[in-house]
């Protein structure tokens, strides 16, 4: 090749490879394409990757969340361990280590024309493929905005409304389970008054709840579902999983009000006190497959009989509060679900049994940042990121303590029949399902930086009910959940299930 040809080849190759950058950075109508007046720029940081138009009205961001969990269970002989898509029976095994990818989430969110947002959150964790969020959000005025799509219930607890990437504990408590995880529908929301100075840091921009506002409200109409309904597969018994059910004919009215009443107070001790309440009401029609309730270790502890359906009135109430000062923060919540159940589908002239139940849950959590970072409901940003090459740069350490309680209405265990040497319960069997669970836990979180955290936690749960004499004395595969018909024999009496003891460790990357 001659020098002239080589020169021309390099020249035009350089032009072709530089063309994309010309498209991105061109600023005026006269720069190459007169039909396009402005172009954007790319960004890359610890908060994610994105493209932003020069007028700042159009944005596209890519974020991610990876959580690898290792959970060591003790005292599990005769029980079952959830692995995401099924549960394994622990026969002749008293300890087990569960490794799983708890969450694998590529997250897309963005803005068009400054006031139109969207959020898309698929998840590939726990061996499933599912979608958690598909939201379109119109927010022209902060006092009155509107979002539509698949979104979080307004009755969810603090841990769900915050984000799975910013929780202080490895797994959520029982108060969060007393509502659906996600529902389809639309929500009107807004804020009034001033905002807290500064802003909480979240791993991606979209926020379901506004903890910094003097007053915030939400009012929604959604597809009401059972407590603890999650996207994808849901456990409905110790060994059976069914897909989530969204009854198209069923609608729930949900409302939420939250306030930082002393936001502008001169009393520093009250400035960060927030209180709120949420409630809902709906009339359920033949809603089937109620999900099981699970322990903090995510194993089935309470489940309904297969023919149980939701019919009639269902209401929820959920007050909650938080307070923080300096590196210390605490929050608590109590929730109650009242629902009507039947032992079959309801049709004209059908003969089914109906009962009303009131289930309750509560939680108190305390957090202290040992390295003196200010408490934040969002991501903790260490004063000094981990750098083994620099003395004293060891990241941030956080101490967490939690108490959580679940109380199922004992009336559900009062209906049964005896036939063929077996006692068959109509709605739920107290020899297989617990009536109460009390969990306490303590953990320490090590933030290498705002993106990487290693969480270590010990939780212990005491149960009331959930096991039986027939199950423990079975001649074959004895155990609370592995004894088969021996557990349900008419001579089998209710016992308390052994305590759940688990050490959980999580390695998390978020951006």
query: Do we find a residue being farther than 22 Å from residue 257 by Cβ and touching a helix residue (DSSP H, G or I) at 6+ places or on another chain (Cβ under 9 Å) anywhere in the range 104-122?
result: yes
query: Within the range 293-328, can you find the residues that are over 20 Å from the mean Cα position of the chain (by Cα) and part of a strand (DSSP E or B)?
result: 309, 310, 311, 312, 313, 314, 315, 323, 324, 325, 328
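Using the structure shown, decide if residue 100 is more than 22 Å from residue 252 (Cβ to Cβ) and surrounded by 14 or more Cβ atoms within 10 Å (Cβ to Cβ).
Against the criterion (more than 22 Å from residue 252 (Cβ to Cβ) and surrounded by 14 or more Cβ atoms within 10 Å (Cβ to Cβ)), residue 100 qualifies.
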- prompt: Taking residue 203, is it modelled with pLDDT under 90 and surrounded by 19 or more Cβ atoms within 10 Å (Cβ to Cβ)?
  reply: yes
statement: Scanning the range 241-262 for residues that are at pLDDT 90 or above and in a loop (DSSP other than H, G, I, E, B) gives 251, 260, 261, 262
query: Among the residues of the range 329-352 satisfying the criterion of being more than 22 Å from residue 225 (Cβ to Cβ) and surrounded by fewer than 17 Cβ atoms within 10 Å (Cβ to Cβ), which is nearest to the chain's Cα centre (by Cα)?
result: 330
query: Hey, does the range 91-102 have a residue that's over 27 Å from residue 297 (Cα atoms) and at pLDDT 95 or above?
result: no
field: Test result for residue 238, outside any strand (DSSP E or B), within 18 Å of residue 427 (Cβ to Cβ) and touching a strand residue (DSSP E or B) at 6+ places or on another chain (Cβ under 9 Å)
entry: yes
field: Filter pass, residue 224 being over 29 Å from residue 378 (Cβ atoms) and either surrounded by 20 or more Cβ atoms within 10 Å (Cβ to Cβ) or in contact with a helix residue (DSSP H, G or I) (Cβ under 9 Å, 6 or more places away or on another chain) (or both)
entry: yes
query: Among 147, 172, 105, which is the only one that is under 30 Å from residue 333 (Cα atoms) and in a loop (DSSP other than H, G, I, E, B)?
result: 172
query: When residue 111 is evaluated against the numbered criteria (1) closer than 28 Å to residue 240 by Cα; (2) crowded, with 19+ Cβ neighbours inside 10 Å, which criterion, by number, is the only one it fails?
result: (1)
- prompt: Is it fair to say residue 263 is touching a strand residue (DSSP E or B) at 6+ places or on another chain (Cβ under 9 Å) and over 30 Å from residue 383 (Cα atoms)?
  reply: no
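The values are calculated or read from the model by the stated rules, or taken from the named source; none is laboratory data. All values derive from a computational prediction rather than experimental measurement. With ideal geometry, Cβ positions are generated from the backbone for all residues, glycine too; neighbour counts draw on all protein chains shown.
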